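As structure tokens, the structure follows; a few thoughts come after it.
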2 protein chains.
Amino acid sequence: MTDTATDHYLRNNADYAAAFDGPLPLPPARRTAVLACMDARLNVYGALGLAEGDSHVIRNAGGVATDDAIRSLAISQRLLGTREIILIHHTDCGMLTFGDDAFRESIREETGVKPPWAAEAFADLETDVRQSAARIRTSPFVPHTDAVRGFVLDVATGLLKEVVL
Amino acid sequence: MTDTATDHYLRNNADYAAAFDGPLPLPPARRTAVLACMDARLNVYGALGLAEGDSHVIRNAGGVATDDAIRSLAISQRLLGTREIILIHHTDCGMLTFGDDAFRESIREETGVKPPWAAEAFADLETDVRQSAARIRTSPFVPHTDAVRGFVLDVATGLLKEVVL
């Protein structure tokens, strides 16, 4: 029987649970929401020293403030009391390597259906961090935008570099 | 000067970078994408024993297969070679505590604007894991759906329980 990655992770989970001490309260203790790229090298827990219960973590392709990220931030702030937002993009991002139109057209060619969503690819990391911050600040649905900060993580060094928003 | 949660995390990041060994390749080594709830107590890295470079991690309020999660999965599979998908919801989820209509109406009352998105609240964890799996399997944009598995993490014990999809 083939051992899948999922099987591997489930064995790890047994070790995790053996040392686990819970439950913690539902609202994030540090009242913070992180919005980061899904990239496999961006270990948000390691890179920020996040502990269980500290902060919401929202992630998608690019770490972009899409409507769905805004939905998550609205729930985070309005129902669960978070106040700070941390945006994280990273160097060597896959979203820098393709164009929206070409990606969507390639899907249409293969499946016959063009995705109704933009792929959210971008050409410049800092510009896209700023766009995400602007989307959040101009959204009517995210009430607390005084403490939005943006960063680019260097996947070679693990260091966060702040982006002037 | 007030020390924010973000400042605290930036100090942690300096420690992380001091011990960091990179860069790793862009495509996830274990060819897996995880879709999980944003909940602060769901430490995806700890709970699965994820290492840097292993797997994409997509997260939103609920861990729901929204259109934006489908966008991320499409990019993950089509451009970066992942093949397995792991869905994770968790006990004591905030999404069990409110209703879509009431949440959106409360935002309309406060801001004058009703969100164009559904809040994606749900009444049953396993049912929503199954719905997320079904959304992925029926999406024309996610090509590899043979290896989709779904779980509920118990925030009291840290253990993953598999959901029959």
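FYI, it's all coordinate maths here, none of it is from the lab. All values reported here derive from a predicted model rather than from experimental measurement. We place every Cβ from the backbone using ideal geometry, glycine too, and count neighbours over all the protein chains shown.
Listing for the model above:
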{"quantity": "Filter pass, A:D3 being surrounded by fewer than 21 Cβ atoms within 10 Å (Cβ to Cβ) and closer than 21 Å to B:G62 by Cβ", "calculated": "no"}
{"quantity": "The range B:81-100 - residue that is touching a Pro at 6+ places or on another chain (Cβ under 7 Å) and surrounded by fewer than 24 Cβ atoms within 10 Å (Cβ to Cβ) and, of those, farthest from B:P116 (Cα to Cα)", "calculated": "B:G81"}
{"quantity": "Count - residues of the range A:128-141 that are touching a strand residue (DSSP E or B) at 6+ places or on another chain (Cβ under 8 Å) and surrounded by 18 or more Cβ atoms within 10 Å (Cβ to Cβ)", "calculated": "5"}
{"quantity": "Which numbered condition A:D68 fails, given (1) more than 13 Å from the chain's Cα centre (by Cα); (2) under 19 Å from A:V148 (Cβ atoms)", "calculated": "(1)"}
{"quantity": "Output for the range A:6-16, where each listed residue is in contact with a strand residue (DSSP E or B) (Cβ under 8 Å, 6 or more places away or on another chain) and either over 18 Å from B:V57 (Cβ atoms) or not β-branched (V, I, T) (or both)", "calculated": "A:Y9, A:L10, A:N13"}
{"quantity": "When residues of the range B:138-157 are limited to those that are under 16 Å from the mean Cα position of the chain (by Cα) and not acidic (D, E), the one farthest from the other protein chains (Cβ to nearest Cβ)", "calculated": "B:V152"}
{"quantity": "Any hit, the range A:134-151, residues being of a type in the set (D, E, K, R) and part of a loop (DSSP other than H, G, I, E, B)", "calculated": "yes"}
{"quantity": "Enumeration of residues in the range B:59-73 that are in contact (Cβ under 8 Å) with a residue 40 or more places away in the chain, surrounded by fewer than 24 Cβ atoms within 10 Å (Cβ to Cβ) and in contact with an Asp or Glu (Cβ under 8 Å, 6 or more places away or on another chain)", "calculated": "none"}
{"quantity": "Any hit, the range B:84-106, residues being touching a residue at least 60 places away in the same chain (Cβ under 8 Å), farther than 17 Å from B:R149 by Cα and of a type in the set (K, R)", "calculated": "no"}
{"quantity": "Residues (small (G, A, S), out of contact with any Phe, Trp or Tyr (no Cβ under 9 Å at 6 or more places or on another chain) and surrounded by fewer than 24 Cβ atoms within 10 Å (Cβ to Cβ)) located in the range B:24-47", "calculated": "B:A29"}
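Residue-by-condition table, conditions (1) crowded, with 18+ Cβ neighbours inside 10 Å; (2) farther than 30 Å from B:P23 by Cβ; (3) of a type in the set (V, I, T):
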site: B:G49; (1), (2), (3): no, no, no
site: B:V57; (1), (2), (3): yes, no, yes
site: B:I75; (1), (2), (3): yes, no, yes
site: B:L79; (1), (2), (3): yes, no, no
site: B:A102; (1), (2), (3): no, yes, no
site: B:I107; (1), (2), (3): yes, yes, yes
site: B:G112; (1), (2), (3): no, yes, no
site: B:A118; (1), (2), (3): no, yes, no
site: B:E126; (1), (2), (3): no, yes, no
